[in-house]
Structure formats: C-alpha cells, structure tokens
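Everything on this sheet refers to the single structure shown next.
Computed from the coordinates by the stated procedures, all read-outs in this text should not be read as laboratory data. Here the structure is a predicted model, which is why all the values come from computation and not from measurement. Positions of Cβ are backbone-derived with ideal geometry, glycine not excepted, and every protein chain shown enters the neighbour counts.
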Amino acid sequence: MGTGFLTLPEAFNSAGLLLALVILLCLGWVSDVSKDFVLESMARAETITVEEEKGKPFLSAAASSDEEGDVKDTLLSKVSSSWQTADKNVLPCVAERKFEIIEMSRLFLGPRGATVYVTTFGFYMYGCLWAYTAVFANAMASTVPIQGMGEDGSYLVYVAIFASITVPMTW
C-alpha cells in the first residue's frame, strides 16, 4: 500500500461519495483489464518459448514474411492454434515460466523496443524518486527545521540525507 491509501478519505470528502466511488470503481476495472493483458502476454510468451524449445521456431518463420501485418497474423494464428485442441478451445495460462516485463519486451518488441522500454521506465523511476525527495525534504524541513539554518538550509540538508540513503540502493 502506498500513500494513496492514506489519502482516500480526503479524496472521498473532496469529490463527494458518488463521484469518488465511480472513479474508484473505474480505476479498479482498468487495473483488472491491465492485469489480464499482462497475464495473456505472459501466456503467449510462454507458448512461443515452449514451441521454440521443441524446435518449432515461431518468430523466425513469421519474421521471414515481407509485410508487418503478415508477421502479426502469422504469430497470432500460430499462438491461437497451439491453444486449441481437437474439440475445444483451451484458455491460455502461465504454467511453467514466469516472464519479467523486460523479457516480454525483448521477445515481442526486439532489442530496440526493449531498450526504449528500459529507458522510458528508468526516466519514470528517477522522476518518481525526485518527487519523493522533494516531498520528504519539504516535510522534514517544515516540521523539524535544523537550528540556525532556516527552512531553505534545512531543505538542502534533508535532500542530502535522503539522497545518501536512496541513491546507493539504486545501483
């Protein structure tokens, strides 16, 4: 649980019970759909790697196609056909191997796409770290000011303290 959990009562108070409840339910639904997308992608990645380990290359045969649409159609038809049995459709599931998002990025997007994903995610993480640093330093400087330094001097000291603790953990 993050700090959002602590601010939910104030959000409900500010937005009103009905609007806040509708927004909360919509965001819960979006979160559930996102979870389903990730799990289906993991199942597709598992199917592709299992079939390739058996000696049936999914990606190399699809990549030999000339047009991008053909590649996607070939991949989708191969994965869909491997999920079907003679009588019924088998739902995809993640059975043997759990994939990290970066592994799926490398598998589905290639090395360049994985690099773009890692770079974008890195900027996002460091942006969040920067925001947490500002919140921490501002809260500490206003509640526990360092004697004789004022709020601005205290802010910089608390930024240095926060950085000395968190930056070594990022390596």
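Specify the inter-centroid distance of the stretch 1-43 and the stretch 111-133, based on alpha-carbon positions, in whole Å. A separation of 23 Å, based on Cα centres. Of all GluC sites (Glu not before Pro) in the stretch 87-171, which ones are in loop regions per DSSP and have a Cβ with at most 10 other Cβ atoms within 10 Å? Passing both the DSSP loop test and the Cβ count: Glu96, Glu100. As an exercise, use a Förster radius of 22 Å and the Cβ-Cβ distance of Val33 and Leu109 to find the FRET efficiency, rounded to the nearest 0.05. My answer for the efficiency is 0.60.
Given the Cα-Cα distance of Ile23 and Met125 and 0.36 nm per residue of separation, how much length would full extension add, in nm?
On the way: separation 102, 0.36 × 102 = 36.72 nm, distance 2.55 nm.
Gain in length upon complete extension: 34.2 nm.
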